[in-house]
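Each value in this text was obtained by applying a stated rule to the coordinates, not by laboratory testing. In this text the structure is predicted, and so the values were computed from the model without any measurement. Backbone-built Cβ (ideal geometry, glycine too); neighbour counts: all protein chains shown.
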Amino acid sequence: MIRAFIDREQEMLDAADAIEEGIASGQLQLIPPQPDEDDDTGVTAVEGRLLVRRALARERDPKLRRLKIKQARQGGRPLRCEVCDFDFAQAYGPLGEGYIEVHHVTPLHASGTRSTRLDDLACLCANCHRMCHKNRPGESWRTPDALRALMHTSAPGSAQAASTTAS
């Protein structure tokens, strides 16, 4: 096994540099895809091996999630994504009842240690949550409001989407 690391010394050094830079900036960066990861000519891949991973994680208080969901359901309102209005209970029945992901509007990696209020959190479906976190190098994080605006301008039939597809 050590031979594989020795034979790929530069890749290992690049990976170590990316991890070091990610830790220093507070936001771990994606390691560039390896050349063999883009090879889609093969039909099989070995998966299921047990791996050990070590990672730094920012502390979160689970009571804030419970309180945010309680706040969102006040007055008998359904629990919906604040960006796209997806309702897990409506889509999945009893399985989805009470389920939603709770997202920090300003990511903890950007704010650092702080006191979090319920207004600092948003209830999101899994897709919108991932899209808030998805960014390209040089892009900053995306707020739920910004994602909602992006969805409205990208939606078929929107004036903005029509003008970009026409050009």
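A compact table of results
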quantity	calculated
Inter-label distance, nm, simple model (7 Å from Cα along the C-beta direction), Thr153/Asn135	1.7
Separation in nanometres of the label points that stand 7 Å from Cα toward Cβ, at Arg66 and Tyr92	2.1
Efficiency of FRET between Tyr99 and Arg58 - r from beta-carbon atoms, R0 22 angstrom, step 0.05	0.45
Full-extension gain in nm, Ala45 to Thr106, via 0.36 nm per residue minus C-alpha separation	18.2 nm
Net charge, Cys123 excluded, C-beta distance under 9 Å - Lys, Arg +1, Asp, Glu -1	0
